[in-house]
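Colleague: My structure is below; once you've seen it, I'll send some questions.
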Ligand SMILES: [Fe+2]
Ligand SMILES: [Fe+2]
């Protein structure tokens, strides 16, 4: 199967989840300069489950505000349009892609733990280096691997081949995909993000997170995710061992040299933050 056939097939799959209507609308509104706080708030308020999640999120330790935020217009005023949009997208995405029925070897909870870890780490990198907007890095980190879920749920045979080769040939998921599949999870995720009309910087951050392109729409955003992913993967394998950062793109090494050199000093603190973000985003039954 070639890439074109693959993406045509992907587009024909009816059950591929889309973002909830409210997230799509909110996202679209933000591309329109005339949107008022009132219109944006009203759209979000149509989905009460979303309202309560957003309020819980903005009042959680995660955002660290002293005073309580009681309603959506208040949240928009304090946090700004973009942060609220990103909160809506974050909450929606995990909900949408947590359904069961994936390839056996694929653990959805572990998948989201990884994604939240990359989200928190890339937000940290963005904040520290001031290269990207922390909030955007968070969403990009959360979304970067979403193509894997699509493979695990809708292309089980492909996923199985990659899984087998990973273990048999000792390859990374990405390397095995490149060897075996017509398209990799980064391209699949970007394809969907484009269909959802997500911002161009976000789409490119997904598309190039394993293979940085200097021409990406928002190179710094992409680099924050690329580096965060490498850090998270390295620490997962064996936190005691020397980290292997050899896959880091030279441009990323240049831009984030200080953070990469001191990673063992700051990552333990970020890990604590990751745990509390997982508690919030991955809690059961909500
Ligand atoms: Fe990836
Ligand atoms: Fe990843």
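All of the numbers you see were taken from the coordinates with simple rules; none came from a lab. Predicted, not measured: the structure shown is a model, and the values here were computed from it. Don't worry about glycine lacking a Cβ; one is built from the backbone with ideal geometry, like all the others, and counts go over all protein chains shown.
Colleague: Hey, what's the per residue convex hull volume over the C-alpha atoms of segment 1-140, in cubic angstrom?
Modeller: Values: hull volume 22.6 nm³, N = 140.
Considering the Cα atoms of segment 1-140, their hull volume per residue is 162 Å³.
Colleague: Could you order the peptides 4-15, 153-164 from most to least packed, using the average number of other C-beta atoms within 10 Å per residue?
Modeller: On the way: 4-15: 11.6, 153-164: 18.5.
Order by mean packing, descending: 153-164, 4-15.
Colleague: Moving on. Rounded, prolate or oblate for segment 102-286? Axes are the square roots of the Cα gyration tensor eigenvalues, ordered a ≥ b ≥ c, and the cut-off for rounded is a/c under 1.5.
Modeller: Working: a/c = 1.34, a/b = 1.27, b/c = 1.05.
It comes out rounded by the Cα gyration axes.
Colleague: In whole angstrom, note down how far apart the Cα centers of segment 18-46 and segment 83-129 are.
Modeller: 21 Å
Colleague: While we're looking at this one, here's another question. Kindly put 221, 40 in sequence by how many other C-beta atoms sit within 10 Å of each C-beta, fewest to most.
Modeller: Values: 221 25, 40 21.
With the fewest neighbours first, 221, 40 line up as 40, 221.
Colleague: Could you tell me which of rounded, prolate or oblate describes segment 132-210, using a ≥ b ≥ c as the square roots of the eigenvalues of the alpha-carbon gyration tensor, with rounded for a/c under 1.5 and, failing that, prolate when a/b is larger than b/c and oblate otherwise? Mind dumping the intermediate values first?
Modeller: Numbers: a/c = 2.64, a/b = 1.90, b/c = 1.39.
Cα axes put segment 132-210 in the prolate bin.
Colleague: Report, in deg cm²/dmol and to the nearest 500, the calculated mean residue ellipticity at 222 nm for the chain, where each DSSP H run with n ≥ 4 adds -39500 (n - 2.57) and the sum is divided by the residue count. Could you put the intermediate results ahead of the total?
Modeller: On the way: 17 runs with 193 residues, N = 286.
It lands at -20500 deg cm²/dmol.
Colleague: In addition: What ranking do 90, 60 get, fewest neighbouring Cβ atoms within 10 angstrom at the top? Write out the running numbers ahead of the final one.
Modeller: On the way: 90 24, 60 15.
So the ranking, lowest neighbour count to highest, is 60, 90.
Colleague: When a/c reaches 1.5 or more, the comparison of a/b and b/c decides; with that in mind, is segment 19-96 rounded, prolate or oblate per its Cα gyration tensor?
Modeller: Values: a/c = 1.69, a/b = 1.21, b/c = 1.40.
Note, shape of segment 19-96 comes out oblate.
Colleague: Sorting 95, 265 on the 10 Å Cβ count, fewest up front, what's the list?
Modeller: Details: 95 18, 265 9.
Ordered from fewest to most neighbouring Cβ atoms within 10 Å, 95, 265 come out as 265, 95.
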